[in-house]
Amino acid sequence: MRSGSKWQQPILRSVLPVVESSRHVSTSEDAVASVAAWMAYEQFSIADDSGTGPFDMGNNPDLLFDVNLFVAALNFAFTDFDSSVKYSCVYQGRTWSDSEAMFARIHAAINAGEDLFSGEFLAAVTRQELARIFTGNIELPMLDERVEILNEIGATLVDRYDGGFHNFVRSCAPAMYAQGDGLMERLITEFPRFNDVSDYHGHEVQFHKLPQLALWSLHRALHRTGDWALADLEDMTAFADYIVPVALRLLGIIAYTPALESSISAGEMIKRDSDEEIEIRAHTIYATALLTDAINEIRPADEQVVVPQIDFRLWNAYHATSWPHHLTRTVMY
């Protein structure tokens, strides 16, 4: 069932040993085939939008580079770890949840004329300023960590790229992998907050949720205009987070041991880099890649899909659900 170049790239290659050795999470290939049998007939497209949800951010490529990298830096942890309440806000007459609430507050700030994206602002932004920008039903979780991340990124942008994410993006090859010059490769090496790896019994597992999401968002925003397009879109994997595992779990594609299921249902913290957490993320990437391949076996040659489209289909259907997701305190997703 495995097909395509994505299986030869570092992320999927690195998760396979975890899948093969897992003790807490499993993937059902029978369930993959069963879900693919009906999901293959759904409509999939690569949305021609700003890459930041349902909000129009304009069509200036440099601004979209800035917006999407800013979003990627902060796109993690939207559920309060003590209360399990999800971050949300009211904007334009409706309530937005999870990352869409963050997009809403960014859109509001842009419309108010605020400069959120310059390296100088990021290097100096304070906790109080960030709390004001992202006002909502609760304080945006891990606010101190977000300030530290932005300060570090801002300092690098000022030091190396004249204060602009767009300058950094334009200095990279428009690809995940380009012999070290790909945008994802450069994000990982030049901005440590994007280096999303874990150690599983001496084996390095690569996840890289946020850098991949940044590339996917840029591709969505700019591929039709010719301003920027990802050269190796077919090599992308799922964005291993909290929500996609919920979708896979409810569809019967992945399963947890009773002990892990009980811990998640009780809202207990799953430690970062624990076997349980790594296995959840590894199976998310593995199962979603299998599902994509199974769907493509059914669809016509001119209607093939890539993993991020399946990822979004799963995330979009379940990101506001009340079904409990695992809780891990991390800045990586």
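Using a simple spin-label model with points 7 Å from Cα along the Cα→Cβ vector, what separation in nm is obtained for HIS203 and ASN59?
Roughly 4.7 nm, to one decimal.
Pull up the cross-link candidates among the aspartates and glutamates for LYS209, meaning alpha carbon to alpha carbon under 12 Å and not fewer than 8 places away within one chain.
Output for LYS209: ASP196, ASP241, ASP311.
Once both axes come from the Cα atoms, what is the angle between helix 307-318 and the longest principal axis of the chain, in degrees from 0 to 90, rounded to 10?
The two axes meet at around 90 degrees.
For the stretch 8-152, treating each Cα as an identical point scatterer without solvent, what Debye log10 I(q)/I(0) comes out at q = 0.10, 0.12, 0.16, 0.17 1/Å?
At q = 0.10, 0.12, 0.16, 0.17 Å⁻¹ the computed log10 ratios are -0.51, -0.70, -1.01, -1.05.
What translational D, rounded to a whole number of µm²/s, comes out for the stretch 123-250 from Stokes-Einstein when the hydrodynamic radius is the Kirkwood one over Cα pairs, at 20 °C and 1.002 mPa s?
Details: Rh = 16.6 Å.
Answer from the Stokes-Einstein relation: 129 µm²/s.
Given axes a ≥ b ≥ c from the Cα gyration tensor, I'd like to know whether the stretch 177-333 is rounded (a/c under 1.5), prolate (a/b larger than b/c) or oblate.
Working: a/c = 1.95, a/b = 1.30, b/c = 1.50.
The shape class here is oblate.
With a cut-off of 8 Å between alpha carbons and a minimum separation of six or more residues, what is the relative contact order of the chain in percent?
Working: 539 pairs, mean separation 91.8, N = 333.
Computed value for the chain: 28 percent relative contact order.
Hey, can you rank 232-239, 251-258, 86-93 by average C-beta count inside 10 Å, highest first?
Going from most to least packed, we get 232-239, 251-258, 86-93.
Could you name the aspartates and glutamates in cross-link range of LYS86, using Cα to Cα under 13 Å and dropping any fewer than eight places away on the same chain?
Straight-line reach from LYS86, under 13 Å: ASP98, GLU100, GLU139.
Which log10 I(q)/I(0) values, to two decimals, does the stretch 121-173 give at q = 0.15, 0.16, 0.27, 0.32 Å⁻¹ under the Debye formula with one point per Cα?
Results for the stretch 121-173 at q = 0.15, 0.16, 0.27, 0.32 Å⁻¹ read -0.48, -0.53, -0.95, -1.14.
Subtracting the Cα-Cα distance from 0.36 nm times the residue separation, let me have the gained length for ASP273 to LEU250 in nm, one decimal.
Once the chain is fully extended between ASP273 and LEU250, it gains 5.9 nm.
How far is the Cα center of the stretch 199-245 from the Cα center of the stretch 113-189, in Å?
Centre-to-centre distance over Cα atoms comes out at 17 Å.
Could you give the radius of gyration (one decimal) and Dmax (whole number) of the Cα atoms in the chain, in Å?
Cα radius of gyration and Dmax of the chain are 19.0, 52 Å respectively.
With N set to the number of residues, divide the alpha-carbon radius of gyration of the stretch 1-80 by 2.2 N^0.38 Å and report two decimals.
Output field value: 1.57.
Rule-based calculations on the coordinates, nothing more; no lab input. If you're wondering where the values come from, they're calculated on a predicted model, not measured in any experiment. Cβ sites come from the backbone with ideal geometry, for glycine too, and all protein chains shown count toward neighbours.
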